[in-house]
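Taking it in order: structure first as structure tokens, then the write-up.
The values are calculated or read from the model by the stated rules, or taken from the named source; none is laboratory data. All of these numbers come straight from a predicted model, not from anything done at the bench. We place every Cβ from the backbone using ideal geometry, glycine too, and count neighbours over all the protein chains shown.
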Amino acid sequence: MNWKELYNMQTELDSYIEKNNNIKKEEVFKDKVLALLVELGELANETRCFKFWSNKPRSEKSVILEEYVDGIHFILSLGITKGYYYQGEALPSVDETETELFLRMFTVCDAFYRDQNEYTYDQLWRTYLQLGSALGFSEKDVKYAYLEKNKVNYTRQHEGY
């Protein structure tokens, strides 16, 4: 994956949002962390992986992918704020359930919030990518969905979302 391209696109989107809302990225760091946690919850809800009490099927793959990519936006943005950039590397597959990976993501998000360094940022990425892999997403899926959602995010900004 060409992460540099996504970081550049996210930098442009963040700058656009900051300028139009008269904010500084450092001022909204904690809000971005919370937004990522909310997106994780929304993603988990669409997968329904934890809903042992329900027989209702999970959402369509496209819906789950869109929720997943919302998380990508915030992880990129958090890194940009701190000056950290994930380099990307092949990750080993993990033998964890979706529920276990979601729980690990919440833990890793908290660790990054408490100790904002490159190591915890890298762990945030690695865990999220492992979750994406467990959800069945390829790099091509993620990149395409990110590009599409980036367009949607600009449209939303223009419409006063």
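Could you list, in sequence order, all residues of the range 6-27 that are without any contact (Cβ under 8 Å) to a residue 24 or more places away in the chain and assigned to a helix (DSSP H, G or I)? Steps first, please.
Residues of the range 6-27 without any contact (Cβ under 8 Å) to a residue 24 or more places away in the chain: 8, 12, 15, 18-19, 21-24, 27.
Listed by number, the residues that qualify are ASN8, GLU12, SER15, GLU18, LYS19, ASN21, GLU27.
Select, from GLU89, GLU26, GLU18, the only residue that is at pLDDT below 95, surrounded by fewer than 19 Cβ atoms within 10 Å (Cβ to Cβ) and closer than 22 Å to LYS149 by Cα.
Working: GLU89 fails: closer than 22 Å to LYS149 by Cα; GLU26 fails: closer than 22 Å to LYS149 by Cα.
After applying the criteria, what remains is GLU18.
Is there a residue being of a type outside the set (Val, Ile, Thr), farther than 21 Å from ASP14 by Cα, part of a helix (DSSP H, G or I) and touching a Leu at 6+ places or on another chain (Cβ under 6 Å) anywhere in the range 79-98?
In the first step, residues of the range 79-98 are kept if they are of a type outside the set (Val, Ile, Thr); the result is 79, 82-93, 95-96, 98.
Retained after the next criterion (residues that are farther than 21 Å from ASP14 by Cα): 88-93, 95-96, 98.
Narrowing the set further to residues that are part of a helix (DSSP H, G or I) leaves 98.
Now narrow it down to the ones that are touching a Leu at 6+ places or on another chain (Cβ under 6 Å): none.
No, there is no match, as no residue in the range 79-98 is of a type outside the set (Val, Ile, Thr), farther than 21 Å from ASP14 by Cα, part of a helix (DSSP H, G or I) and touching a Leu at 6+ places or on another chain (Cβ under 6 Å).
If GLN157 satisfies every condition in (1) at pLDDT 85 or above; (2) in a helix (DSSP H, G or I) but one, which is the exception?
(1)
Read through the list (1) surrounded by 17 or more Cβ atoms within 10 Å (Cβ to Cβ); (2) out of contact with any Phe, Trp or Tyr (no Cβ under 8 Å at 6 or more places or on another chain); (3) closer than 30 Å to ASN22 by Cβ, then give the number of the only condition that ARG104 fails.
Among (1) surrounded by 17 or more Cβ atoms within 10 Å (Cβ to Cβ); (2) out of contact with any Phe, Trp or Tyr (no Cβ under 8 Å at 6 or more places or on another chain); (3) closer than 30 Å to ASN22 by Cβ, the lone unmet condition for ARG104 is (3).
Please state which one of ASP95, ASP31, ASP70 is closer than 16 Å to TYR128 by Cα and without any contact (Cβ under 8 Å) to a residue 12 or more places away in the chain.
On the way: ASP31 fails: closer than 16 Å to TYR128 by Cα; ASP70 fails: without any contact (Cβ under 8 Å) to a residue 12 or more places away in the chain.
Exactly one of ASP95, ASP31, ASP70 is closer than 16 Å to TYR128 by Cα and without any contact (Cβ under 8 Å) to a residue 12 or more places away in the chain, namely ASP95.
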